[in-house]
2 protein chains.
Amino acid sequence: MKINEQYAKLPGNYLFSEIARRVAAYSAEHPDVKPIRLGIGDVTRPLVPAVVEAMRKAVSEMGRLETFHGYGPEQGYEFLRNAIAEHDFRARGTDISPDEIFISDGAKSDCGNIGDLFSIENKIAVCDPVYPVYVDANAIDGRTGDYLQASGKWSDVIYLPLTAENDFVPELPASHADLIYLCSPNNPTGTALTRKQLSVWVEYANQHGAVILFDAAYEAYITEPEVPHSIYEIPGARECAIEFRSFSKTAGFTGTRCAFTVVPKTLIRQGQSLHAMWNRRHTTKFNGVSYITQRGAEAVYSQAGQKQIRADIAYYQNNARMIREGLKQAGFSVYGGVNSPYIWFHAPMDSWKFFDLLLQKAHVVTTPGAGFGSRGRNYMRVTAFGEANDIEEAVRRITVM
Amino acid sequence: MKINEQYAKLPGNYLFSEIARRVAAYSAEHPDVKPIRLGIGDVTRPLVPAVVEAMRKAVSEMGRLETFHGYGPEQGYEFLRNAIAEHDFRARGTDISPDEIFISDGAKSDCGNIGDLFSIENKIAVCDPVYPVYVDANAIDGRTGDYLQASGKWSDVIYLPLTAENDFVPELPASHADLIYLCSPNNPTGTALTRKQLSVWVEYANQHGAVILFDAAYEAYITEPEVPHSIYEIPGARECAIEFRSFSKTAGFTGTRCAFTVVPKTLIRQGQSLHAMWNRRHTTKFNGVSYITQRGAEAVYSQAGQKQIRADIAYYQNNARMIREGLKQAGFSVYGGVNSPYIWFHAPMDSWKFFDLLLQKAHVVTTPGAGFGSRGRNYMRVTAFGEANDIEEAVRRITVM
């Protein structure tokens, strides 16, 4: 009996556990202080009335014999897949059909499980800094080589630096990449790729037979017209890209759990349809999302639902503006926050040290950039999720620190 | 770029798709006939009032700023893990602590994803007949060798025959097995292992360093005192077994999605804790179950909830009794249905042929045993899920056929 030995290679402390540990230690010593948490990217506004009403109705349906729903289609109910195809794709001139959309319990699950489709021999490319789940999931699968303690990097991973110098736009890799993870609007930098910048990657993937795994979880925060909402706005993307979307940040579903992944039928590798493969994976190792949750997600697309979620997104966008402007006034170099709920700013020292300083002097919890990769070691991530008066107060405290 | 070539090896037609196809074809030709469906193991009774009330309350909480819940713990909320540990384990004298319980969206997901913990070099053993997901998930992972069209078996899988001759009790394998899938009460045979029979396997696993993957999804249907409700009732199981449980058949959650998996902290292989590994997997490739759903699952354990779900289970158990007795009177050799919602009976011909005959002559949809493996080719599975008058009518039609 042999275990999967990859687990033992994974570095110990998960970023957010370490943050929680430090905050708990500080709070234990200073019980009178109430830190403002701008660390974890979790929404704070409640579910909107249209969603609440739809879910309440669905709960009642589930409680009556005549309207009860047992197993649904593993891929998701048509009512939701149709609504997504119509509003998120066709309305933007993007040609994605309902049966290319797979409803799931979360983009994190899908980003992790998508590795099932690919040989472990593939070379992955990720940005540095990066959302840690992409790398950890590939490490579990055995696709990353060895973890190098000194650099905090994996031996077989191609890292694409995101720096102030390259405007946080990843450059094409020097060596061949098979699986390319791109996240735009980006977590953690809060910056976003324009159509032109993303086209470079679609062209590369099609030329090299690579597959782009495109994480668009923050799509709802885009404000600039040159930033695409979906990779399928780029010609050729249907032949090389899988897109991950989520209701978490769009409609406050972090605790309600609903997301979707698009695998176009025109995405073929080695003569096999990745759509057919994901369909097989989804029907074999998954059993669909709660009917109640799917009715809630459907309501996001109603006229009332759209109006209500846009108001919440505008609320967070205004928070982002306050943070951006406040930190700039305080003299920091600030990035992101225009097409994203994340603000990324330059730290005057090591990011874990600055984390401690901000906690101790300003009583504000941030996320140290080092947690996202070596290129983040002098940056901090701040999220715009939270109540406006807390955000205002946090910015004030940092400014006068 | 290389795909996972295992997918191409998977045999094409999934059992239930083929059944749906045949029923649709028959119905198209006979629009006046309304077949009674005893094929798919899906519950029909609605969610009980205690669950509906709890979920309605949780939906309201999610709609208010003060009581909104964002990301929960990936492993599940303590309120639910505590309720499970208390009612499903401690109350039966079984020593499982709340933090050995991982809440998930389904036993199918967990049974599929558990493979992530193990090397692909392990040899798996499954019963024949068997719930197809165990084998297909291992095939995707690359643990099953090649699919042999002629026999419908995989070259590297150890098959443990379940036959009338061995009372559907799997015998220890002749060659070494690393990962052993056991399902009791069993899908599809409807039979269950006694404490003594299960002890043989726990002893084998501990002697051979194997791991038992124990599927107890039908535990709520057990009526006989010698049948254990959990593998942890067997001494030594904490050192060799992972247990999968679900609210699907216990509380009608097939469309609501909640389950849990127990990985004891005392389960160690190659010096590594499988509990720690599963915790890492769960936090890396999963993001927890809906707060609303978890509140619904918690209500299953309330006094009212227990009384209500027991009434529904008794309803299905009475259906099982009707099927068992009716088929026996009709002259069939009938198994299962005493500790399970499934009845397994001997077919007088090939099971797909008998499926067609039952559909055409009795207008009853069953599941052909061949869909579960070669040893099922002369058996049929019937489920006790459904409305009592439909079940009664289906049995009558088969009897007079």
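A few points about this structure:
- Amide H contacts under 5 Å for A:ALA241, placed H, 5+ residues apart: A:ILE212
- Counting Cβ atoms of other protein chains within 10 Å of each Cβ in A:276-289 and taking the mean gives 6.
- Cα radius of gyration and Dmax for segment B:302-401 (Å): 14.3, 48
- Neighbouring Cβ atoms from other chains, within 10 Å of the Cβ of residues in B:96-107, number 2 on average.
- Gyration tensor (alpha-carbon) shape descriptor, the protein assembly as shown, a/c threshold 1.5: prolate
- By average C-beta atoms within 10 angstrom, highest first, the peptides A:207-216, B:334-343: B:334-343, A:207-216
- Inter-label distance, nm, simple model (7 Å from Cα along the C-beta direction), A:GLN306/A:PHE79: 1.9 nm
- Per-residue Karplus couplings for segment B:125-133, computed as 6.51 cos²θ - 1.76 cosθ + 1.60 with θ equal to phi - 60°, are listed in order as 10, 9, 6, 10, x, 8, 4, x, 4 Hz, Gly and Pro entered as x.
- Inter-chain Cβ neighbour count for B:58-70, averaged per residue, equals 6 (cutoff 10 Å, partner chain atoms only).
- Pseudo-label separations to other copies for B:GLU387 - Cα-to-Cβ vector, 7 Å, nm: 5.0
- Accessible area per residue, Å², segment A:257-321 with all protein chains present, probe 1.4 Å: 32 Å²
- Taking amide H as placed 1.01 Å from N in the peptide plane, the amide H of A:TRP154 sits under 5 Å from that of A:LEU148, each at least 5 places away or on another chain.
- Both chains summed, the buried accessible area for B and A stands near 6500 Å², from protein heavy atoms and a 1.4 Å probe.
- Accessible area of the protein assembly as shown belonging to carbon and sulfur atoms, whole % at 1.4 Å probe: 49 percent
- Within a straight-line Cα-Cα reach of under 19 Å, A:LYS265 can be paired with the following lysines, leaving aside sequence neighbours fewer than 8 residues apart in one chain: B:LYS2.
- With label points defined 7 Å past Cα in the direction of Cβ, position A:ARG90 shows copy-to-copy spacings of 5.4 nm, given to one decimal and shortest first.
- Counting DSSP beta bridges with both ends in chain B, the antiparallel % (nearest 5): 55 percent
- The value of relative contact order for chain B, using C-alpha pairs under 8 Å at least six residues apart, is 23 percent.
- Using a 7 Å Cα-to-Cβ projection, A:ALA8 label spacings across copies, nm, ascending: 3.4
- Residues considered: B:ALA217, B:ALA174, B:ALA107. Largest GNM mean-square fluctuation over chain B, using C-alpha springs under 10 Å, is found at B:ALA174.
- Max mean-square fluctuation residue, GNM over chain A, Cα-Cα springs under 10 Å, options A:PRO161, A:PRO264, A:PRO235: A:PRO235
- Average accessible surface area per residue within segment A:9-120, 1.4 Å rolling probe, Å²: 43 Å²
- With Cα atoms defining each centre, segment A:1-59 and segment B:1-34 are spaced 41 Å apart in the structure.
The values are calculated or read from the model by the stated rules, or taken from the named source; none is laboratory data. Every value quoted in this text rests on a predicted model; they were computed, and no experiment measured them. Heads up, the Cβs are rebuilt from the backbone with ideal geometry, glycines too, and the neighbour counts pull from every protein chain shown. Keep in mind that these areas ignore ligands, DNA and RNA; they rest on the heavy atoms of the full protein, side chains included. Shrake-Rupley method; radii C 1.70, N 1.55, O 1.52, S 1.80 Å.
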